[in-house]
Amino acid sequence: LLSASLLGIDFANPLLNASGVYCRDVAELDALAASAAGSLVTKSCTLLAREGNPEPRYYATPLGSINSMGLPNAGYQYYLAYAQQHDYAAKPLFLSVAGLSLADNLTMLAAIRAADTPAIVELNLSCPNVPGKPQIGYDFAAMTAMLEAVTQAYDRPFGVKLPPYFDIAHFDEAAAILNRFPQVAFVTCINSIGNALIIDVEAESVVIKPKDGFGGIGGDYVLPTALANVNAFYRRCPAKQIIGCGGVTRGEHIFMHLLAGASLVQVGTALYEEGPGIFARLNDELAELLTRKGYRGIEEVRGKLRTL
Ligand code: DHB
């Protein structure tokens, strides 16, 4: 009932973590591998290990979360080593790559290619970047240059993780760029809504330390934006698959992402708050909803959103 497919690979169900959540070290990755998630993705990696920003750097409210982690990660070689010992018969694994420069991405992708791992690359075009420059996903010239260089140096299908867009002209332009690169086989929408501010009324204060309290938002706050981005790229990129990410706390939210066009669905804030046990609950809730509606598989739902 829940089986899914991406790049011709079978998944027991459409669920996985959103990169960044519960995937920074072997213990967390092993917990995801042992969970009911259909696959898993590693923390976005850089060439060298990073400590990340000072704490507190993540804060949850009843409606979602804010974070400015600062790319804490163990360095790409750590995640590549994890990928080389992973049991792919049990479930697929994605490697999230977030170089601080185009050159760093090319170095990491060359090593990943040389390792000949079955892991699937999710190239993060939407991570907090060099101060003073927009993230790659918001700089269409830089995004084009990145994809031109990466697709020349790396010869396997891969996906890109995009930031949310909020303007139809931006959906059109981003999709047109992606469509120039058939090797970009999937698109993950969305990363957090960037540079928001959560304020604690009693303390009259920001809630995270980095960047004067500014950070990326996830959770209930972002579901409609996530669904719009999934559906916008689903409509504009018919030769690609979409991975939905944003605002999933219950089975019906997965169903919404599927209707909008997602082939797989990632869980971020709710996984952070609930832990890997969330995947069994979400699978149960999705299965019950599909059964109640008479669906026999998720491919019967994908992209079937009705318009009025
Ligand atoms: C971080 C945040 C992101 O949204 C992302 O895509 C990569 C890294 C971080 O702060 O660690």
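Scanning segment 195-205 for residues that are within 16 Å of Leu63 (Cα to Cα) and in a strand (DSSP E or B) turns up Ala196, Leu197, Ile199, Asp200. Among the residues of segment 222-259, those that are part of a helix (DSSP H, G or I), out of contact with any Lys or Arg (no Cβ under 7 Å at 6 or more places or on another chain) and among the aliphatic types (A, V, I, L, M) comprise Val222, Leu223, Ala226, Leu227, Ala228, Val230, Ala232, Ile254, Met256. Looking only at residues in segment 179-200 that are more than 16 Å from the ligand (Cβ to nearest atom) and either more than 17 Å from the chain's Cα centre (by Cα) or more than 24 Å from Asn17 (Cα to Cα) (or both), the one that is most open to solvent (accessible area, probe 1.4 Å) is Arg180. Pairing each residue of segment 189-211 that is farther than 30 Å from Ala232 by Cα with any residue that is surrounded by 13 or more Cβ atoms within 10 Å (Cβ to Cβ) and modelled with pLDDT under 95, provided the two are 6+ apart or on different chains, yields C-beta distances under 9 Å for Lys211/Pro128.
Evaluated against (1) within 16 Å of the ligand (Cβ to nearest atom); (2) out of contact with any Pro (no Cβ under 8 Å at 6 or more places or on another chain); (3) of a type in the set (Asp, Glu), Asp30 falls short on exactly one condition, (1). Scanning segment 107-141 for residues being in contact with a Pro (Cβ under 7 Å, 6 or more places away or on another chain), open to solvent by less than 70 Å² (accessible area, probe 1.4 Å) and not β-branched (Val, Ile, Thr) gives a total of 3. Selection of segment 60-69 for residues being assigned to a strand (DSSP E or B) and more than 13 Å from the ligand (Cβ to nearest atom) yields Ala60, Thr61, Gly64. Looking at this structure, is Leu48 aliphatic (A, V, I, L, M) and within 16 Å of the ligand (Cβ to nearest atom)? Taking the combined requirement at face value, the residue satisfies it. Reported count of residues in segment 1-29, each being surrounded by 14 or more Cβ atoms within 10 Å (Cβ to Cβ), outside any loop (DSSP other than H, G, I, E, B) and not aromatic (Phe, Trp, Tyr), is 9.
The values are calculated or read from the model by the stated rules, or taken from the named source; none is laboratory data. Source: prediction; values computed, not measured. Using ideal geometry, Cβ is built from the backbone for each residue, glycine included, and neighbour counts are taken over all protein chains shown. Accessible surface areas use protein heavy atoms only, side chains included; no ligands, DNA or RNA. Shrake-Rupley method; radii C 1.70, N 1.55, O 1.52, S 1.80 Å.
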